[in-house]
Amino acid sequence: SERIDALEDVARLLPQPGNRGRVLVLAGAGISTAAGIPDFRSPGTGLYANFRRYGAASPMALFDIEHFRRHPAPFFQLMHDMLAETGGVLRPTPAHLFVRLLYEKGLLLPCYTQNVDGLERMAGVPDKLLVEAHGTFHRAHCAERHCRASYDAARLLQALQVGGAMQSPPRCERCRRGLVKPAIVFFGEPLPHRFRETLRADVRAASLCIVMGTSLTVAPVMYIPDMVRRDVPRVLLNRTPAGRIGARRRDGVLLGDVQHSVQRLAELCGWEADLGKLQRR
Ligand code: OAD
């Protein structure tokens, strides 16, 4: 049958020859919670449930560019706390390593990620197969619309880690006026050019679409799964339902912990040893 009701069905589908270089992955914050980074919308633990802790006026204010230019403190506080919680040390999770495996097996089209933690890159997904749609912490730039000069990201993170940035936030060295921020996409900022460069070609080329760890609520990324051809199976690996996945005949909604799902998928595909080796690196 063509239906996708279980991980076994995905495992049968995955390594088929027609999937070579054509598996489109779309990832979100849910693949990094196991690395100690909170997601946005999970009740209780998500960043948006805890906006008051950072002194923000509303959840969205935390990542709003206009708000940041006037009141950078909540975002800087959030960064400070996060760096303290993770100790600044991050390790890719099995879900990130699973994407790397898809690449090694020659199956991966780009992985579109909404995450800014750089863990896909750290897992070894090569640049040409990675689209960081909401930017990355590993670069920084001036927050002034007409400047946007780059800034040393390590230096900014260092300033945020020690906490000095809350009192005297680093300023742009070119315009000498703007605040500097990590090169992550705030509400009100454009997505990186890379996002649009190959999106049309990628969705057209996809023979399988795997969506993991995202609530599919933020445009334009939320539309990606609906852009693949109607006969292309779409698989959701997430704790909760997301977007319109499930509405098409060949959709599979496989709810649960994404880390367990990918471990099991790797086993079912015979990639358990490969995944184990990557985890022990
Ligand atoms: P969300 O917090 O909206 O969604 C994360 C999803 O992952 C939720 O559906 C959780 O149930 C699920 N989840 C968390 N941990 C999981 C686990 N271990 N196993 C399975 N599922 C798990 O995060 P995103 O969808 O990534 O944008 O959010 C999209 C964008 O909204 C972010 O990139 C950010 C935010 O505003 C910007 O800041 C521009």
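The values are calculated or read from the model by the stated rules, or taken from the named source; none is laboratory data. In this text the structure is predicted, and so the values were computed from the model without any measurement. Positions of Cβ are generated from backbone atoms using ideal geometry, with glycine treated the same way; all protein chains shown enter the neighbour counts. Side chains are part of the model used for accessible areas, which takes the heavy atoms of the whole protein and leaves out ligands, DNA and RNA. Shrake-Rupley method; radii C 1.70, N 1.55, O 1.52, S 1.80 Å.
The table below gives the values:
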| quantity | calculated |
| --- | --- |
| FRET E, pair Asn50, Arg91, Förster distance 22 Å, beta-carbon r, rounded to 0.05 | 0.40 |
| Solvent-accessible area of Glu144 with every protein chain in place, 1.4 Å probe, in Å² to the nearest 10 | 50 Å² |
| Point-charge dipole on Cβ atoms (K/R +1, D/E -1) for the chain, about Cα centre, debye to 20 | 640 debye |
| Accessible surface of the chain [probe 1.4 Å, protein heavy atoms]: carbon and sulfur percent | 51 percent |
| Compactness of segment 89-182 - radius of gyration and Dmax, Cα, Å | 16.1, 49 |
| Residue list for segment 195-219, given a label point 7 angstrom along the Cα-to-Cβ vector of Met227 and an amide N cut-off under 18 Å | 195-212, 214-219 |
| Dipole in debye (nearest 20) - segment 240-281, about Cα centre, beta carbon charges: Lys, Arg +1; Asp, Glu -1 | 200 debye |
| Cys residues of the chain counted as unpaired, since no other Cys beta-carbon is under 4.7 Å | Cys111, Cys209, Cys269 |
| Of Leu268, Leu97, Leu109, the one that fluctuates the most in a GNM where the chain has Cα springs shorter than 10 Å | Leu268 |
| Distance in nm between pseudo-label sites at Gln279 and Ser150 (7 Å out along the Cβ direction from Cα) | 3.6 nm |
| Dipole of segment 65-215, positive end: most advanced residue of Leu208, Phe187, Leu109 [Cβ charges, Cα centre] | Phe187 |
| Whole-angstrom gap from segment 1-79 to segment 223-245, using each part's C-alpha centre | 15 Å |
| Hull volume in cubic angstrom per residue (convex hull over the Cα atoms of the chain) | 122 Å³ |
| Expected 222 nm ellipticity per residue - DSSP helices of 4 or more, -39500 (n - 2.57), all of the chain, to 500 | -9000 deg cm²/dmol |
| Environment charge at Leu265 (Cβ cut-off 13 Å; Lys +1, Arg +1, Asp -1, Glu -1) | -3 |
| For the chain, accessible area per residue (1.4 Å probe, heavy atoms of protein chains only), Å² | 47 Å² |
| Segment 151-225: equivalent-ellipsoid semi-axes (sqrt of 5 x gyration tensor eigenvalues, Cα, Å) | 35, 15, 11 |
